[in-house]
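Here the structure comes first, spelled out in structure tokens, and everything after it is commentary.
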Amino acid sequence: MQCYEARRLLATSRYEGQGAELDAHLTACDACRTAASRVSALDTLLDGDLPEEPRPGFDTRFFARLDELKREKPASKLAWWWYLVSAGSAAALALGIFALVGRTSTVLPAEDRELVANLELVENEDLLRHLDEVEAYVLLAQVDSATLERMAQERGR
Amino acid sequence: MRDTNHTGAQDPDVGLMLAFQQGDEESFVMLYRAYRDRIYNFCRRMLSRTDLAEEATQEVFLKLYQQRVRYEPRSRFSTYVFRIAANHCINMRQRRGFRESDSEIVDRQAAPDGASPARALEQRRLREQLQNALASLPGQQAAALLLCHYDGLSYRETADSLRISESAVKSLVHRARERLMEALSTGNGVEGDHAVL
């Protein structure tokens, strides 16, 4: 057995056993015997860390948490149902609010209705103007370049 | 009753877990009492702090309780519960950016009978150095070493717990022990520290 093999086996000999071949090598090799003593010292140190118990009250705290978890469990099983119902209710409420807000003629005071109507008209005119421009761009995109040039010359006259 | 590779007869703890899965809460309490200290000490050595170890231990058993529906007896029960513990502790170490300085020793280990104060102090110092050295190991190395050394899991069982190959476990354990010997032979940066090995 070579020293490198012996060192590799020494590192895990605690868990795999040492074997006769390693024993024989250690008998003959001072360096590996020194390494073995270091491994043995490590094991002694590791073994010196004795098992402990958790601090007093640990069990009480744990079972209290477990009881709390058990109390939450029935709700958690149905949680997705509640989410669905809640989401649906919220959506229905939102739609209802929008529907109410949309019916301005029955909600707003009389003196404000004309103002709102005028605003709507302005908004609509603006929209119409933009629609005309958009339609114009769409039409122009369909026209070939020669025709575009002729149209531009005619406008220039 | 699901019972594929490991039956309750082969591993009584598997039997308890299967009974718990069927609704027998007393079986869970029995498993808790059987594994509480083992899991606690594993967490204590992984996390080097009593408060974190207690928190982690409780989390492990709460997860065991919550995940009972999904339990399948593919291996020994100890492999299963230590898998939960190892994953939890490795994640905690990563989340906290675990450092040697995070370790804290609450010296509740009794001094050997008849030990002098000097001997007791020396024992405490050695445990502190070991704790610091363990804290310096990467999470998987520490977990592999602890499972093999303290909890008596075979390489195969440790591999099962960590979801890695058996050869990877051997490599991790080897490297962990080499690193510990190195850390303990040169001191670990603690003021007034000196070599242990």
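The values are calculated or read from the model by the stated rules, or taken from the named source; none is laboratory data. On a predicted model such as this, the values are computed, not experimentally measured, just so you know. When we count neighbours, we look across all protein chains shown, and the Cβ atoms used for this are built from the backbone with ideal geometry, even at glycine. To get the accessible areas, we keep the full protein, side chains included, count just its heavy atoms, and leave off ligands, DNA and RNA. Shrake-Rupley method; radii C 1.70, N 1.55, O 1.52, S 1.80 Å.
Counting only the Cα atoms, region A:30-71 fills a convex hull of 69 Å³ per residue. When each of the peptides B:166-175, B:62-71 is scored by how many other beta carbons lie within 10 Å of its residues on average, the order from highest to lowest is B:166-175, B:62-71.
Mean per-residue shielding of peptide A:40-49 is 6, counting Cβ atoms of other chains within 10 Å of each Cβ.
So if we plug the beta-carbon distance of B:A120 and B:R96 into 1/(1 + (r/R0)^6) with R0 = 30 Å, what FRET efficiency do we get, rounded to 0.05?
Efficiency at R0 = 30 Å is approximately 0.45.
Take the Cα of A:R61, step 7 Å toward its Cβ, do the same at B:R33, and the gap between the two points is 2.2 nm. Take the accessible area of B alone and of A alone, subtract that of the pair with a 1.4 Å probe, and the total buried over both chains is about 3800 Å². In terms of packing, defined here as the mean over residues of other Cβ atoms within 10 angstrom, the peptides A:25-37, A:1-13 line up highest first as A:1-13, A:25-37. Report the FRET efficiency, 1/(1 + (r/R0)^6), for A:E52 and B:Q10, where r is their Cβ-Cβ distance and R0 is 35 Å, rounded to 0.05. Efficiency at R0 = 35 Å is approximately 0.70. Take the Cβ-Cβ distance between A:E68 and A:R8 as r, set R0 to 45 Å, and report the resulting FRET efficiency rounded to the nearest 0.05. The value I calculate is 0.35. Taking every residue in A:8-16 and counting other chain Cβ atoms within 10 Å of its Cβ, the average works out to 5.
When each of the peptides A:50-61, B:72-83 is scored by the mean number of other C-beta atoms lying within 10 Å of its residues, the order from highest to lowest reads B:72-83, A:50-61. Treating each Cα of region A:5-66 as an identical point scatterer and ignoring solvent, apply the Debye formula and state log10 I(q)/I(0) at q = 0.25 Å⁻¹. With one equal scatterer per Cα and no solvent, log10 I(q)/I(0) is -1.02.
Among the residues of A:21-29, the average count of other protein chain beta-carbon atoms within 10 Å of the residue beta-carbon is 0.
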